[in-house]
Amino acid sequence: AWYVPCLASLETLQELCRKENLRCKSIGITNRSLKSYEVEYLCDYKVEEGKEYYLVKWKGWPESSNTWEPQKNLKCPLLLQNFLSDKDEYLSRVKEGKALKVRNHVKALKPAVAGYIVRKAKQRIALQRWKEELNRKKNHRGMILVENTVDLEGPPLDFYYINEYKPAPGINVINGITTGCECSDCPAEKCCPKEAGFILAYNKQKKLKIQPGLPIYECNSFCRCGPDCPNRIVQKGTQYSLCIFRTNNGRGWGVKTLQKIKTNSFVMEYVGEVITSEEAERRGQLYDNQGNTYLFDLDYDSDEFTVDAARYGNVSHFVNHSCDPNLQVFNVFIDNLDLRLPRIALFSTRTIKAGEELTFDYQMKGSIDLTADSADGLSPSRKRIRTVCKCGAVCCRGYLN
């Protein structure tokens, strides 16, 4: 299904709910906020007759209900701290004075400063809600954090988090497999990889031991082995806590790990809508005009299908390109043995330190076309204007296509 973003502002929705006496936790209208006043954020500051006042936005109330309150009435130290830090950040950027003196001895912030503080407060709330939404929807162990200390960009308006492939009508990503290995202690002679003609992909430490280009066959839902089987890695999902963050060099959003990741460890899957290559070509032409496309060809055995993560995807949607990446693409088969429809897994190529950005090469196995917030690259299969690479690697090729 295609979803249409709500065009009404948060304040409009809050006011409508309040008039109709409706509760909606996602926009801050709860039983508590209907009956009481809670500071959502601080909008402005002034000194009048020697007293300090802050303009308060009340949680669950529209901006038309904002009131000036003396500082002594405010019991929100964290919001006060955010207000002051946002003010100092803005002033340090524009190198202006701290306050503007006006007539009758009133001190007040310049409108531009107050406007920035309000936008920053709204962004902080929006990113917090987005983080909560992402963690509600994800089905893996690792947590997802969101961070933007660079600009005022908020959450993407037309992105929906999914945990697995979303097939287009007529495409079956589960091919009805009804058999599995009989191993009680995988790997055994007739375990899933050997049945497919390949070796087990993981060692005893559950780390990858095969070379890029070789497929991974994991045990499936019909196998006799249990959840602790050493051949069940990708299907367990991301085990690391990751942070979607705003890059400071024009590459939009990126992803960094909050934990150390050892070499040859599974990090995440690349998921999105599974569409035909013909549909991918049609969408690609539309996306070109928008500068917004995430197309990954599933070309392990053929080029019939493509993963489109432009609107539906997971954390991998935000992973940037690098000519010297720390992630490698592998094709994985679990409950679907159709060679045309592998799952795409990203494994670490080296030890990755906590706080380091995660990247992979868009020209690895599978052609990828990512030209939106998290990327500025183009698929080599489409001959268009060459896009400058901003990865900053010593071995940078200069262009993404």
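One table, with the values for the structure above:
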read-out: Space enclosed by the convex hull of the alpha-carbon atoms of segment 8-65, per residue, Å³; value: 87
read-out: Under Karplus coefficients 6.51, -1.76 and 1.60, residue-wise ³J(HN,Hα) of segment 65-76 in Hz, glycine/proline x; value: 9, 4, 9, 7, 10, x, 4, 5, 7, 8, 10, 9
read-out: Shape parameters for segment 160-214, alpha-carbon atoms, Rg then Dmax in Å; value: 15.2, 42
read-out: MRE, 222 nm, helices only [DSSP H, n ≥ 4, -39500 (n - 2.57), over the chain, to nearest 500]; value: -6500 deg cm²/dmol
read-out: Between segment 306-357 and segment 150-218, the Cα center-to-center distance that results, in Å; value: 11
read-out: Accessible area (Å², 1.4 Å probe, nearest 10) - VAL315; value: 10
read-out: Candidates per chymotrypsin sites (Phe, Trp or Tyr not before Pro) in segment 171-234, loop by DSSP, up to 16 other Cβ within 10 Å; value: PHE198, PHE222
read-out: Of all accessible heavy-atom area on segment 140-360, the percent that carbon and sulfur account for (1.4 Å); value: 48
read-out: Of LYS166/LYS390; LYS137/LYS207; LYS35/LYS120; LYS87/LYS107; LYS25/LYS236, those spanning more than 23 Å from alpha-carbon to alpha-carbon; value: LYS166/LYS390; LYS137/LYS207; LYS35/LYS120; LYS25/LYS236
read-out: VAL388 accessible area, assembled protein chains, probe 1.4 Å, Å²; value: 80
read-out: Stokes-Einstein diffusion coefficient of segment 140-360, Kirkwood radius over Cα pairs, 25 °C, 0.890 mPa s, in µm²/s; value: 133
read-out: Per residue, in Å², the accessible surface of segment 38-127 once ligands and nucleic acids are set aside, probe 1.4 Å; value: 59
read-out: Dipole moment magnitude, nearest 20 debye, the chain about Cα centre, only Lys, Arg, Asp, Glu C-beta charged; value: 1640
read-out: Candidates ARG246, ARG340, ARG23, ranked by Gaussian network fluctuation over the chain, Cα under 10 Å, top entry; value: ARG23
read-out: Mean projected area in nm² (Cα convex hull; one quarter of hull surface) for segment 38-127; value: 6.1
read-out: By accessible area with a 1.4 Å probe, ligands and nucleic acids excluded, highest first: order of GLU49, GLU164; value: GLU49, GLU164
read-out: Rounded tilt (10° steps) of 111-137 against the dominant C-alpha axis of the chain; value: 30
read-out: Dipole axis of the chain (+1 Lys, Arg; -1 Asp, Glu on Cβ), positive-most option in ASN148, TYR240, PHE330; value: ASN148
read-out: Cα-based reach from LYS209 at 16 Å (exclusive), listing lysines while leaving out same-chain residues under 8 positions away; value: LYS194, LYS262
read-out: Filtered chymotrypsin sites (Phe, Trp or Tyr not before Pro), segment 134-181: DSSP coil and at most 13 other beta carbons within 10 Å; value: none
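The values are calculated or read from the model by the stated rules, or taken from the named source; none is laboratory data. Only a predicted model underlies this, so the values are computations on that prediction, with no experimental measurement involved. Because the Cβ atoms are built from the backbone with ideal geometry, glycine has one as well, and the counts that use them run over all protein chains shown. Just the protein is used for accessible areas: all its heavy atoms, side chains included, with ligands, DNA and RNA removed. Shrake-Rupley method; radii C 1.70, N 1.55, O 1.52, S 1.80 Å.
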